[in-house]
Amino acid sequence: MSSHSLRPPAWVSGVAVLASVGTFVWTIVTTAPMVPESNDFARDIRNLFARQEWSSTVDLSRQRLEENESSLPARFFLAMSLERRGFEDDSIEARRVWSRLRERAAARLNENPLEDVQPGEFTDWVVTAYFGGWAYRKLGNEAKAQELWGNAAKLYGPDGSGASITPQRWYVYSNLLALIGEHERALDAWMAAVVEGYSELWYRADPDLVELRQDPRFETIRNVRDGVQSWVRDLYVDGIETGSMDLMIDCVDRYLRVGNSRDREALLFRAFALVQQESSESEVIDAWSDLRDAANLWAEMEVRSALIRAAQARDEEWDAEMVPEIPTDPTEAIAAGVNPATLYYLGWAARGLNKSDLSEAMFGLLADNQGRGRPNEYDRACYLSLAARHDEAIETLRKLQAGRGPASPWMRVDPDFGPIQGDDRFKAILEGVPREFNSFGAQRTRVLDG
């Protein structure tokens with residue numbers, strides 16, 4: 001389908017960002033839970049720490065403590081930076097700083113015990129427990145650190161205070177889960193943070209995530225920010241190259257779990273991955289059924305919108321409780337208001353569920369431009385391939401190649417061309433198609449053999 005040429009990345013690489021003083025700026029707000037300080041201090045201390053400028057981080061932390069002796073974040077960054085700088089006596093001083101941080105945190109927690117925390121006070125308790133946990137860990141009391149972080153996670157997570165879950169809060173929740181070793185749940189929360197719009201680059205240097213960053217799924221999840229369509233295609237290509245769709249299935253399942261269960265593109269490529277992986281018949285059928293159900297919901301909304309517009313044009317009221325009936329005939333469905341994009345997903349679901357006649361009829365309609373809008377020639381070739389009109393599909397691709405030159409490397413693995421993949425004429429067309437596929441925002445280049 002369309003948009004096979006991947007969208008260019010809207011961000012620069014993390015390495016370039018971390019190396020650049022001028023461009024490495026996070027969106028820090030005064031309520032950033034783990035650094036509850038002024039905008040300037042929160043931004044500057046993280047920038048220095050991320051760039052591994054340990055002496056400058058030490059100096060800024062000390063300056064902040066002169067201004068506010070009770071600052072927990074300043075003590076945290078001071079101790080962390082002293083450990084990393086490694087000057088003579090730095091380790092001794094770092095231990096003194098950790099001890100002082102532990103004393104400060106313990107005193108605050110004693111003044112405001114967990115059982116007395118009120119709904120409006122949970123953030124303060126979580127912040128104190130977070131920094132206190134780090135102090136206890138560094139001083140050898142891992143059990144106490146785990147206790148504090150575990151309680152903070154319960155209080156700060158989606159089932160805790162009942163407050164709205166912002167991207168920043170999902171991120172902190174992921175950190176807390178990572179610190180207590182809840183690896184899989186941490187990845188789920190990380191996915192939620194990214195999907196909800198978390199855009200800071202601090203995660204690349206955050207000491208909370210040292211272990212989680214080693215998991216290939218962590219950065220893979222981060223790449224969903226470039227758009228689901230390009231993300232699932234990247235994962236699919238990686239799966240073909242490595243011979244395993246495990247990473248794709250795991251990450252897409254997480255994406256679907258965090259509130260995107262009706263995302264048609266994710267559901268479609270999950271089904272592709274399960275087929276490619278030769279999963280059990282029941283798993284594959286369930287995947288195609290999930291896609292069908294999601295596409296039907298979209299169709300219902302589109303038909304309802306069409307009926308509402310028609311009622312408004314006649315100056316009539318629309319019964320909001322009425323559930324519109326979706327025509328089973330593809331031509332009637334289009335006439336009733338079903339969008340061609342929805343018909344595409346319904347066509348693939350029908351194909352996956354072995355309803356070939358219905359599937360071919362749907363794709364035939366799309367190829368013949370009987371929906372709204374004219375498909376581009378690449379899309380039309382896809383529709384013709386899936387409509388079992390192979391000669392027309394081949395001829396369309398030949399004309400496309402003659403007029404525009406080589407197509408995208410995606411064409412080599414595009415499931416839409418599965419029906420003609422073994423056709424010698426299609427293989428001849430592929431000889432003129434580039435093999436290098438830039439995946440994950442051009443961070444990696446894949447050479448496609450198909």
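Read-outs throughout are calculated quantities, based only on the coordinates presented, and are distinct from any laboratory measurement. If you're wondering where the values come from, they're calculated on a predicted model, not measured in any experiment. A quick note on method: Cβ atoms are made from the backbone with ideal geometry, for glycine too, and the neighbour counts reach across all protein chains shown.
Segment Glu66..Asn376, full-extension length gain: 105.1 nm, with 0.36 nm per residue of separation and the alpha-carbon distance subtracted. Scaled against the 2.2 N^0.38 Å expected of a compact globular protein of N residues, the Cα radius of gyration of the stretch 73-112 reads 1.27. Shown is the FRET efficiency for Arg51 and Glu219, computed with R0 = 22 Å from the Cβ-Cβ distance and rounded to the nearest 0.05: 0.65.
For Phe437, nonlocal amide neighbours, meaning residues 5 or more places apart or on other chains whose placed amide H falls under 5 Å from its own, are Arg446, Val447, Leu448. Counting beta carbons within 10 Å around each of Leu139, Leu48, Leu179 and listing the fewest first gives the order Leu139, Leu48, Leu179.
Computed over the alpha-carbon atoms, the stretch 230-386 gives an Rg to Rh ratio of 1.02, Rh here being the Kirkwood radius from the mean inverse distance.
Ranked from largest, the principal axis spans of the Cα set of the stretch 91-199 equal 42, 31, 23 Å.
Note on the stretch 341-397: Kirkwood hydrodynamic radius from all Cα pairs is 10.9 Å, rounded to one decimal. In a DSSP loop and with at most 14 other Cβ atoms within 10 Å, the GluC sites (Glu not before Pro) in the stretch 81-139 are Glu88. Placing pseudo-labels 7 Å out from each Cα toward the beta carbon at Ser356 and Gln312 gives an inter-label distance of 4.4 nm.
Fewest-first ordering of Met411, Met362, Met248 by other beta carbons within 10 Å of each residue's beta carbon gives Met411, Met248, Met362. If the chain linking Arg398 and Leu139 were pulled fully straight, counting 0.36 nm for each residue of separation and taking away their Cα-Cα distance, it would gain 86.3 nm. What the pair-distance distribution of the stretch 55-155 shows, using all Cα-Cα distances binned every 5 Å from zero, is 2, 14, 23, 23, 18, 11, 6, 2, 1, 0 percent. Working from label points 7 Å from Cα in the Cα-to-Cβ sense, the Glu332 to Glu278 distance is 4.2 nm.
Averaging 1/r across all pairs of distinct Cα atoms in the stretch 136-254 and inverting the result yields a Kirkwood radius of 15.2 Å. What the pair-distance distribution of the stretch 326-430 shows, using all Cα-Cα distances binned every 5 Å from zero, is 2, 13, 24, 23, 18, 11, 6, 2, 0 percent.
Counting neighbouring beta carbons within 10 Å and listing from fewest to most, the residues Val195, Val237, Val323 come out as Val323, Val195, Val237.
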